[in-house]
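Below is one structure, written out as structure tokens, with a few remarks after it.
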């Protein structure tokens, strides 16, 4: 009787043999078809090792006398099929470290891949990364989210935390896309302003609302590049900051009062809830109450937009979900990112992975379409042809 490990080994070997036989047969058939169509004579074979998702196989690649025949199964100097590289990229994208990817590939294919081999495979994606980060953008976006996460990067002199800036946009039809990601030593409104200028140069000219946390100087940075856009401060970020300064025994009651404000059905109702909140907590938490009072204008911007979109406007939740996925990938690597390229690879692969899930349009945008079009025309009127009287 075989144990489970022996059965797995036997099965893997059997599958590998079948794959090798099928590939070999296809190669000879392809040469036959080529000679029949183009003329010429056979000229033996040469050995080639090829790595497939089912394991490494030994093949005899047929030749013709004139050297014109090129197998279509793989590129002339390829040593692995595209499927294998794709598998490595998928494992890397979902948060498996390069060393672990090597172990997984070893289990699947019968021999281990080194850390450097896996890194070379994932480096194949760098051209796509650059194309993605410099691509042209749509002219119009209804909502643009701005947020940061921090990763540890290995630099000369040691490991340090750096800020990854991420921008997510929703177009007027409700389609999501990551507009850009950038690595800088820290987070500041000045850096965000430079990022917004990059987005402008790449074609993003008309935005209705930017949504972000309450980073000092953020509203001014947005106004300098997009003076016709509005800024909505994320209500959930504001709530978390407030609750962090409240005594444990009061947090439930304070959170309930704040929810009455931002979940109100109208701005008038929200203002009434705010007055009740202030009356109850102003004496006990004067700084927290004052912080809300001074920023009510940026917290209530969402009320000026179609109600179907309030869920998307009140917070950066959509972007935070994406960042949570990114953190899964950085969790096993963030203590040893060797250079920005390693971070950019991970970010791009996650964008690619999430992009498949984002093919559906977000709910609410279809019913808000007419109102959004009106807002765009008011904010960014189409230039009219002016005729000059002669």
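Laboratory data are not the source of any read-out in this text; all were calculated from the coordinates shown. Fair warning: this is a prediction, and the values are worked out from it, not measured in the lab.
A few remarks follow.
- Inverse of mean 1/r across different Cα pairs in the stretch 266-311, Kirkwood, Å: 11.6 Å
- Overall, the ratio between the Cα radius of gyration of the stretch 140-286 and 2.2 N^0.38 Å, rounded to two decimals, is 1.25.
- For the stretch 248-337, the equivalent ellipsoid derived from the alpha-carbon gyration tensor has semi-axes of 31, 20, 11 Å in decreasing order.
- Principal axis dimensions, the stretch 130-375 - Cα atoms, whole angstrom, descending: 53, 48, 33
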